[in-house]
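Below you'll find the structure, written out as structure tokens, and then a few comments.
The values are calculated or read from the model by the stated rules, or taken from the named source; none is laboratory data. Fair warning: this is a prediction, and the values are worked out from it, not measured in the lab. In this analysis, Cβ positions are derived from the backbone assuming ideal geometry, glycine residues included, and neighbour counts consider all displayed protein chains. What goes into the accessible areas is simple: the full protein's heavy atoms, side chains included, and nothing from ligands, DNA or RNA. Shrake-Rupley method; radii C 1.70, N 1.55, O 1.52, S 1.80 Å.
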Number of protein chains: 2
Amino acid sequence: MTVAELSHDFRLANGRLARRLRQEKADNELSGSQFSALGTLFFYGPFTLRELSEHEKVTPPSMNRTVNALVQAGLVNRTASADDGRKVVLTVTEIGRTMMRDTRKRRDAWLAQRIVKFTPEQRRVLAEAIEIMKELTDS
Amino acid sequence: MTVAELSHDFRLANGRLARRLRQEKADNELSGSQFSALGTLFFYGPFTLRELSEHEKVTPPSMNRTVNALVQAGLVNRTASADDGRKVVLTVTEIGRTMMRDTRKRRDAWLAQRIVKFTPEQRRVLAEAIEIMKELTDS
DNA sequence: CATAACCACTTAGCAACGCTAAGTATTCCC
DNA sequence: GGGAATACTTAGCGTTGCTAAGTGGTTATG
């Protein structure tokens, strides 16, 4: 398989999988972007808006809108930065933490159900692929 | 790494990579969905609307709108099925074929530039990951 | 220290794309 | 022939990308 074919197939496979995963979202659940942002803040936060937008690979205005939804839902706090009045610091609220913990299992269940049936070798491949994907994302 | 962590990380990596790839799209190029649909028809077509929508993991109305854009751009032909008047058959036009061939290299260039620098082992992982992703997508 | 340049966030408005619900045309089946 | 099922289309909504432009805080400079 050539690099060109690999690139092409990988890009399309990634896109289709994203659409497939979207199909599994329950109606009352957070959207993919919202859940991703909340997860980033939960595991690696707190962040300023710009920092979060760079993590999530969207522009600050796009990030701002997603954050607005999370703040309105009471899952995230937006507080002014102490040392720089221009910045805002985003932290996950207690409700947000609870929501994150409760939702994760259910939310990842569709994938987990399938991954648990994989061979150890397949799981190893997947784990390494995640690292490659992160590397690509941050390059 | 547990299955739960693997699932979670993989889902988020998939979403973020999709956003990262979107950032690389040039203004005059086909969108990700359009390019994916055109590619499916090019390599595996012709298909009816429903068949294509199942391939692309979207609903028929969503697919229809994307196909409309491709038809309007002259890249795809929508013709009535001979054996069943309800169905339409979607085929790639000659312009569409040329466009596909010309665009592919440029479009996949961003990924290919990076993949070409990978070790053979990393490329092997990627190729296997693609198979796993397809399996997940179709399950 | 006044002012310009810069930076961070926000607001406003556009386009792409998912979806569901409902409409039309065709085919299938009794 | 007539009702149910199927395939596509239309209409309309919500989310999520984007760019351009506005607001206010900080930094650098004469």
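Rank by packing, highest mean first: peptides B:52-62, A:23-33, with packing defined as the count of other Cβ atoms within 10 Å averaged across residues.
Result, highest mean Cβ count within 10 Å first: B:52-62, A:23-33.
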Problem set entry | Isotropic mean projected area of the C-alpha convex hull, chain A (nm²) | 10.3
Exercise. Name the chain B residue with the Cβ nearest the axis that maps B onto A: which is it, and what is the distance in angstrom?
Worked result: B:129, 2
Exercise. Chains B and A: what accessible area do they bury, summed, in square angstrom to the nearest 100, with a 1.4 Å probe?
Worked result: 5600
Exercise. When the accessible area of chain B is computed with all protein chains present and a 1.4 Å probe, what percentage of it is carbon and sulfur?
Worked result: 51
Exercise. How about region B:10-47: which of its residues lose at least 50 Å² of accessible area in the presence of all protein chains relative to their chain isolated, using a 1.4 Å probe?
Worked result: B:10, B:11, B:14, B:16, B:17, B:19, B:20
Problem set entry | Accessible area (Å², per residue) of chain B, counting only protein heavy atoms and a probe of 1.4 Å | 53
Problem set entry | Charge dipole (debye, nearest 20) of region B:1-138; +1 at Cβ of Lys and Arg, -1 at Cβ of Asp and Glu | 480
For this session: Please give the peptides B:99-106, A:81-88, B:76-83, A:4-11 ranked by average Cβ packing (other Cβ atoms within 10 Å per residue), highest first, as a rough proxy for protection.
Result: A:4-11, B:99-106, B:76-83, A:81-88
Exercise. Separation between the residue A:50 and residue B:84 pseudo-spin-labels, each 7 Å from Cα along Cα→Cβ, expressed in nm?
Worked result: 5.6
For this session: Per residue of B:120-126, count partner chain C-beta atoms within 10 Å of its C-beta, then hand back the mean as an integer.
Result: 5
Exercise. Between residue B:4 and residue B:134, what is the spin-label point distance in nm, taking each point 7 Å from the Cα along the Cα→C-beta axis?
Worked result: 3.3
Exercise. Any idea what the residue A:103 label distances to the other copies are, label 7 Å down the Cα→Cβ vector, nm, shortest first?
Worked result: 3.4
For this session: Towards the positive end of the charge dipole of region B:15-139, with charges on Cβ (+1 Lys, Arg; -1 Asp, Glu), say which of B:88, B:17, B:33 has the farthest Cα.
Result: B:17
Exercise. For chain B, what does -39500 (n - 2.57) per DSSP helix run (n ≥ 4), summed and divided by total residues, give at 222 nm, in deg cm²/dmol to the nearest 500?
Worked result: -22500 deg cm²/dmol
Exercise. What's the center-to-center distance, using Cα atoms, between region B:8-51 and region A:53-101 in Å?
Worked result: 29
